1. With the Cα gyration tensor of region 38-98 in hand, give its eigenvalues times 5 under a square root as the equivalent ellipsoid semi-axes, listed largest first in whole angstrom.
2. Is the C-alpha gyration tensor of region 146-263 telling us rounded, prolate or oblate? Criteria: a/c under 1.5 is rounded; beyond that, a/b larger than b/c is prolate, otherwise oblate.
3. Give the residue list of GluC sites (Glu not before Pro) in region 48-87 that are DSSP loop and have at most 11 other beta-carbon atoms within 10 angstrom.
4. Mean projection of the alpha-carbon convex hull of region 90-152 over all orientations, in nm²?
5. Can you tell me the equivalent ellipsoid semi-axes for region 164-209? Use √(5λ) from the Cα gyration tensor, largest first, whole Å.
6. Could you compute how much accessible surface residue 186 exposes when probed at 1.4 Å, giving the result in Å² to the nearest 10?
7. Across region 143-149, in residue order, what do the Karplus-derived ³J(HN,Hα) couplings come to in whole Hz, using 6.51 cos²θ - 1.76 cosθ + 1.60 with θ = phi - 60° and x for Gly and Pro?
8. What does the net charge come to around residue 191 if you take all other residues with beta carbon closer than 9 Å to its beta carbon, with K and R at +1 and D and E at -1?
Amino acid sequence: MRTGLLVVRKRQVWRLMAASLLAGAGLVLTVDAPALAADAEGGDRFDCRELAEREAPETALDWFERSLWASHCYVFQARAVRIGYDGIRTLALSHHIEDGIEREMASFLDGPPLVFERRGRIGRLSWAEPGSEVPASPSGIAAHLDGLYRLQLGGEERIASRRTVRLDIDPLDSFRFGHRLWLDTTTALPLKQVLLDEAGRVVETFQFTELDRPRLHEGHVVLDQYREAPSDPWDIGWLPEGFVPQPVDTRSSRHADTVDHRLYSDGLSTLSLFVEPIDGADELLAPGMHRLGVSHAAVRHRELGGQPRQVVVMGELPPRVLLRVADTLEWRAEEAAASAEIQGGAVAEEGP
């Protein structure tokens, strides 16, 4: 086990931030291109042309659901600015659809040269039990938010030379952040988003400065298949009300055998959980709370399943929430017993 001062290293920080950014709220599932091509033929689909035939939204919840569908169904290129604790960044954004598969790209135009890309389908709200059905994220999320947030319509404003309606989304408890969305009245695309902490202070602003002729896709977008939940060796003793495991494949080829990664979301706010053995870890983070841009990461080194493990919980949530999640994670008794038996056998084999 490593000793001495443990510091947050840039490569590890960017790995955590990239995972959080690409995962988002589970609306689009990131998978390999061959798997996408194989599933595109027979999966469930949503015809984007239906949006043009629907009546204009009336309630705040109607506007919110329409904005989620619009984010999947409109093809566009845009320029945007992001303002957060780590400064001001400008970005080039694009969203395309080919054979029902979405492709999104975000390129930072200043500062460190970063490009994020994801290809995927419209995701599901949660894992599916055998024989059950789970709605696509836009419909599922809209229904799931009831009782967790208060949605209200605000006034109209002009953003990126387009008319918008403001949507105020306020949490009904102190375990999550609030949101302000400015939705284009023509397409329902979110042209401005503001994140507010538990005290109502602005944490981050993300705003389009230019939207280049958005076009409704004249075809379908593929929905993700139903996915059964994996068998995790742990239980989380506490999560804020409404947070559910996300049906996202979070394995990576580099860390598949050492790092377990899961996502939990209430439909708006998302937290990432990383669990890995300390012995043999590529990098360790100093226990405590770290700021990663607008996110926080709670780090604990704990004895779980018969060996020391690093637990990292990160997200755009109050720090005390992340710490509580990390502190209440426990290894299941049968998994801990199996691990102890394996370790005991290994010691016996090494003995005289």
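The values are calculated or read from the model by the stated rules, or taken from the named source; none is laboratory data. Note that the structure is predicted; figures quoted are calculated from it, not measured. Note: ideal-geometry Cβ built from the backbone for every residue, glycine included; neighbour counts use all protein chains shown. Side chains included, ligands, DNA and RNA excluded: accessible areas come from the protein's heavy atoms. Shrake-Rupley method; radii C 1.70, N 1.55, O 1.52, S 1.80 Å.
1. Semi-axis lengths for region 38-98 are 27, 20, 11 Å.
2. oblate
3. Working: sites: 50, 53, 55, 58, 65; in loops: 55, 58.
Within region 48-87, the qualifying GluC sites (Glu not before Pro) (loop, at most 11 other Cβ atoms within 10 Å) are 55, 58.
4. For region 90-152, averaging the hull's shadow over all directions gives 7.4 nm².
5. Details: eigenvalues 93, 26, 7 Å².
So the three semi-axes of region 164-209 are 22, 11, 6 Å.
6. We get 110 Å² for residue 186.
7. Running phi through 6.51 cos²θ - 1.76 cosθ + 1.60 with θ = phi - 60° gives 6, 6, 6, 4, x, 10, 9 Hz.
8. Net charge in that neighbourhood comes out at +1.
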